[in-house]
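Read through the structure below, which is laid out as structure tokens, and then see the notes.
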Amino acid sequence: MIMTQSKANKLINTAIAVLFVSLLIFPVIILLNTSLQTYEEIRSWPPTWFTNLKWENYVSVLQGDKSIIEPVKNSAIVSTASMLICVCVGTLAAYAVSRYRFFGSKFFLIIVILTQMFSPVILVTPMYVIFKELDILDTLLSLIIANTASSLPMTIWLLNSYFSAIPKSYEEASWMDGSNRLQGICNVIVPIALPGILTAGIFAFIQSWGDLVYAQSFILSPELRTISLALTDFKDLYKTQWETQMAASFLSSIPTVIIFVIIQKHLIRGMSNQGLKG
């Protein structure tokens, strides 16, 4: 009876997991199917699924007048730079808040997380004025600064929770071996907090990759357009080219998927190491 109940629970859990995954994958299937159809097939009813595949839609978004190759490069530069700055600055800031006790340290964390309540739409005007004074409008640097400022607070908040859970005795042991504080952070704290650091880095990258508000406000030159801006090129006044827009959207999602797949093994390894050391 116990074995039967256990098997039933496993079947129920498996069915729920399959249903949940199917709901997540279904929009991706619709996206891929739409990208391989003509405009007339997309508007037809009932819908067709993966018939008469139009691979020329992908050729068009890669080699046509609205090629997304250059926008993808620009987005990669902005997202990677924002991610690295957020991880480096966020690691040091979160470490300082978790290890040092100073006046207003808890209030500092509250201020940090409160900044996430402000929409980019509210921040874009003062940022525009500042960037204009600094003469960095219409540059990728303006996007890097803006996206870093938007992602850094959450990065600090995420990393602070990881660092606070690491016993200080680990660092003290490294100090006794001759390491200074910075070496202790790099050799002890960072490996243990690796899952949190990777999570914060992925968050910062995805935030920058999908940004449209800052890119639309600060970038004017066609050669500096990011992928989010390039996706709006497929919408005309009276018609949206769904087939090419979906093809471009599918291709633009590949870099984030690749990064997650590459980092996933390190994320699991970091969690395993943390469990062993705990």
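The values are calculated or read from the model by the stated rules, or taken from the named source; none is laboratory data. Worth saying up front: this structure is predicted, and the values here are computed from it rather than measured. A quick note on method: Cβ atoms are made from the backbone with ideal geometry, for glycine too, and the neighbour counts reach across all protein chains shown. Heads up: the accessible areas ignore ligands, DNA and RNA and are worked out on the full protein's heavy atoms, side chains in. Shrake-Rupley method; radii C 1.70, N 1.55, O 1.52, S 1.80 Å.
Okay, residues lined up against (1) hydrophobic (A, V, I, L, M, F, W, C); (2) at pLDDT below 85; (3) open to solvent by 50 Å² or more (accessible area, probe 1.4 Å); (4) touching a Leu at 6+ places or on another chain (Cβ under 8 Å):
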| site | (1), (2), (3), (4) |
| --- | --- |
| 188 | yes, yes, no, no |
| 194 | yes, yes, yes, yes |
| 217 | no, no, no, no |
| 223 | no, no, yes, no |
>> Taking the criterion of being over 23 Å from residue 258 (Cα atoms), out of contact with any Ser or Thr (no Cβ under 8 Å at 6 or more places or on another chain) and in contact (Cβ under 8 Å) with a residue 12 or more places away in the chain, would at least one residue in the range 192-205 satisfy it?
In response: yes
>> I need the full set of residues from the range 18-45 which are hydroxyl-bearing (Ser, Thr, Tyr) and either under 15 Å from residue 253 (Cβ atoms) or open to solvent by less than 50 Å² (accessible area, probe 1.4 Å) (or both), in order please.
In response: 34, 35, 38, 39, 44
> So how many residues does the range 85-119 have that are without any contact (Cβ under 8 Å) to a residue 24 or more places away in the chain, of a type in the set (A, V, I, L, M) and either surrounded by 15 or more Cβ atoms within 10 Å (Cβ to Cβ) or not in a helix (DSSP H, G or I) (or both)?
Replying inline: 1
> What number of residues in the range 138-170 are among the polar types (S, T, N, Q) and either open to solvent by 30 Å² or more (accessible area, probe 1.4 Å) or more than 24 Å from residue 119 (Cα to Cα) (or both)?
Replying inline: 4
> If only one of 118, 108 is aromatic (Phe, Trp, Tyr) and within 23 Å of residue 142 (Cα to Cα), which one is it?
Replying inline: 118
>> Residues that are modelled with pLDDT of 85 or more, out of contact with any helix residue (DSSP H, G or I) (no Cβ under 6 Å at 6 or more places or on another chain) and outside any helix (DSSP H, G or I): does the range 120-137 have at least one?
In response: yes
> Here are some conditions: (1) over 18 Å from residue 85 (Cα atoms); (2) part of a helix (DSSP H, G or I). Residue 143 meets all but one. Which one does it not meet?
Replying inline: (1)
>> With the structure loaded, tell me whether residue 20 is part of a helix (DSSP H, G or I), free of Cβ contacts under 8 Å to residues at least 24 places away in the same chain and within 30 Å of residue 159 (Cα to Cα) or whether it fails that test.
In response: yes
> Condition test on residue 73, is it of a type in the set (Lys, Arg) and more than 30 Å from residue 229 (Cα to Cα)?
Replying inline: no
>> Only one of 208, 221, 249 is in contact (Cβ under 8 Å) with a residue 40 or more places away in the chain, within 24 Å of residue 56 (Cβ to Cβ), out of contact with any Pro (no Cβ under 7 Å at 6 or more places or on another chain) and not β-branched (Val, Ile, Thr). Can you tell me which?
In response: 249
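Condition check ((1) more than 19 Å from the chain's Cα centre (by Cα); (2) under 17 Å from residue 85 (Cβ atoms); (3) not polar (S, T, N, Q)) across all residues:
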| position | (1), (2), (3) |
| --- | --- |
| 159 | no, yes, yes |
| 163 | yes, no, yes |
| 167 | yes, no, yes |
| 172 | yes, no, yes |
| 177 | yes, no, yes |
| 181 | yes, no, yes |
| 184 | yes, no, yes |
| 195 | no, no, yes |
| 200 | no, yes, yes |
>> With the requirement that a residue be crowded, with 18+ Cβ neighbours inside 10 Å and either of a type outside the set (Ser, Thr, Tyr) or at pLDDT 85 or above (or both), what does the range 171-186 give you?
In response: 171, 184, 185
